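A short write-up of the structure that comes next.
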Amino acid sequence: MGLTIGVDIGGTKIAAGVVDEEGTILDTHQVPTPPTAEGIIDAICAAVSGAGKGHEIEAVGIGAAGYVDDKRATVLFAPNIDWRHEPLKDKVEQRVGMQVVVENDANAAAWGEYKFGAGQGHEDVICITLGTGLGGGIIIGNKLRRGRFGVAAEFGHIRVVPDGLLCGCGSQGCWEQYASGRALVRYAKQRANATPENAEILLRLGDGTPDGIEGKHVSAAAREGDPVAVDSFRELARWAGAGLADLASLFDPSAFIVGGGVSDEGELVLDPIRKSFRRWLIGGAWRPHAQVLAAQLGGKAGLVGAADLARQG
């Protein structure tokens, strides 16, 4: 199969890209994300049409946040869109006249990194995305492992603290409450409130109060060496690395790939994640250690991965 289109459904924009067999994006088209569920389907079709002009397209892959069924056709549940058992594949296929594959967006990003990014050369890879929340994907034996019902790798909702912090999913103590962009901001606010003298740079970047701290302020302040910002990244990394150690006990991969917006800070977060991983890895003194790698494709991973999964049918 030749050219395919990958679609990434974001909170503010829907991006479609024409992708070749080498993972190169040849053309893109973006449209604003509408506020309604049906409007989003219209926008997906418009983005596909816009990106595909002048190309012979053979299939379309859509990365959607939420639970996607085992047939890669129906969105069982989407957290930010009013989709409940939404037959997305059928609706889009009827409009675009091509084969459509629907995949969870974190799975699509994981596949993109495995095939064309940091995972090249590995057969067994676990990906985590540290963004607003925490997502992931499982590649074992060169195959994307989705589970019997298609909803595996919801790593962010593994409970790491019994009766811990309330999560948006309704449970308590989920991993993403301790290792995510939201968690990073919470750590920074708490520390800035307790020791404002150690958060001078961080507070100056915001409105001068702990409540005014945003994720971009924590990142910028950490790069300037602000003690509270740096310590907030270390706390996030402690939880992230401990979670990877647990995943190593489950899957024993040769590599973990860390993506998402938080990972954009590079070694500032990756180095302490590696240290925490080694600290909490059971039997670490006697067993091989998986590599902990930075994702390479950035925001393109989901689009490229969805396109390649569509190529496979």
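The values are calculated or read from the model by the stated rules, or taken from the named source; none is laboratory data. Treat the numbers as computed from the prediction; the structure is a model and nothing was measured. No Cβ is skipped: glycine too gets one built from the backbone with ideal geometry, and neighbour counts run over all protein chains shown. SASA here: full protein model, heavy atoms, side chains in, ligands and nucleic acids out. Shrake-Rupley method; radii C 1.70, N 1.55, O 1.52, S 1.80 Å.
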Next item on the list: For residue 91, go through the aspartates and glutamates and keep the ones whose alpha-carbon is under 18 Å away, minus same-chain ones fewer than eight residues off.
Entry: 8, 38, 42, 58, 69, 70, 82, 103
Note to self: Quick check: from the Cα gyration tensor, does the chain come out rounded (a/c under 1.5), prolate or oblate?
What the structure shows: prolate
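Calculate how many DSSP beta bridges within the chain are antiparallel, expressed in % of all such bridges and rounded to the nearest 5. Mind dumping the intermediate values first?
Working: 27 of 47 bridges.
Taking every DSSP beta bridge within the chain, about 55 percent pair in antiparallel fashion.
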Notebook entry, point to check: What does the accessible area of residue 13 come to, in Å² to the nearest 10, when a probe of 1.4 Å is used?
Noted result: 90 Å²
Item checked: Nonlocal amide H pairs with residue 83, under 5 Å, H built at 1.01 Å -> 78
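Rounded if a/c is under 1.5, else prolate if a/b is larger than b/c, else oblate: which is the range 192-310, with a ≥ b ≥ c the root eigenvalues of its Cα gyration tensor? Please report the intermediate quantities before stating the final value.
On the way: a/c = 3.10, a/b = 1.48, b/c = 2.09.
Here the range 192-310 falls in the oblate category.
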Note to self: With unit charges on the beta carbons (Lys and Arg positive, Asp and Glu negative) and the dipole taken about the Cα centre of the chain, which residue among 217, 55, 255 sits farthest to the positive side?
What the structure shows: 255
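Heavy atoms only, 1.4 Å probe, whole protein assembly: order 74, 209 by accessible area, highest first.
Numbers: 74 30, 209 60 Å².
Highest to lowest solvent-accessible surface, that is 209, 74.
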Next item on the list: Starting from the amide H of residue 27, placed 1.01 Å from N in the peptide plane, find each other amide H under 5 Å away whose residue is 5 or more places distant or on another chain.
Entry: 18
Next item on the list: Calculate the spin-label point distance for residue 71 paired with residue 91, positioning each point 7 Å from the Cα along the beta-carbon direction, and give it in nanometres.
Entry: 1.6 nm
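Where both partners of a DSSP beta bridge lie in the range 122-295, what percent of those bridges are antiparallel, to the nearest 5?
Working: 10 of 19 bridges.
Just about 55 percent of them are antiparallel.
How do 20, 246 rank by accessible surface area computed with a 1.4 Å probe, from largest to smallest? Can you show the working numbers first?
On the way: 20 35, 246 95 Å².
Ranking 20, 246 by accessible area, largest first, yields 246, 20.
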Checklist line | Value of [θ]222 nm, deg cm²/dmol, for the chain, DSSP H segments ≥ 4, -39500 (n - 2.57) each, nearest 500 | finding: -12000 deg cm²/dmol
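Treating only the Cβ of Lys, Arg, Asp and Glu as charged (+1, +1, -1, -1), what charge dipole size does the chain show about its Cα centre? Round to the nearest 20 debye.
Numbers: 30 positive and 39 negative charges, 130 e Å.
Once rounded to the nearest 20, the dipole reads 620 debye.
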Margin query: For a quick check of understanding: with a 1.4 angstrom probe and all protein chains in place, what accessible area in square angstrom does residue 56 have, to the nearest ten?
Written below: 150 Å²
Margin query: Run the reach check for residue 189 against lysines, Cα to Cα strictly under 28 Å, same-chain hits fewer than 8 apart removed. What comes back?
Written below: 216, 275
Item checked: the chain: relative contact order in percent, alpha carbon pairs under 8 Å with at least 6 residues between -> 21 percent
Check: residue 13's amide H: which non-local residues (gap 5+, or another chain) put their own amide H closer than 5 Å, with H modeled 1.01 Å from N in plane and none for Pro or chain starts?
Finding: 33
Checklist line | Nitroxide proxy distance, nm - points 7 Å out along Cα→Cβ at residue 80 and residue 21 | finding: 3.5 nm
Check: In terms of Cα to Cα distance under 17 Å, which lysines are near enough to residue 89, apart from those fewer than 8 places away along the same chain?
Finding: 71
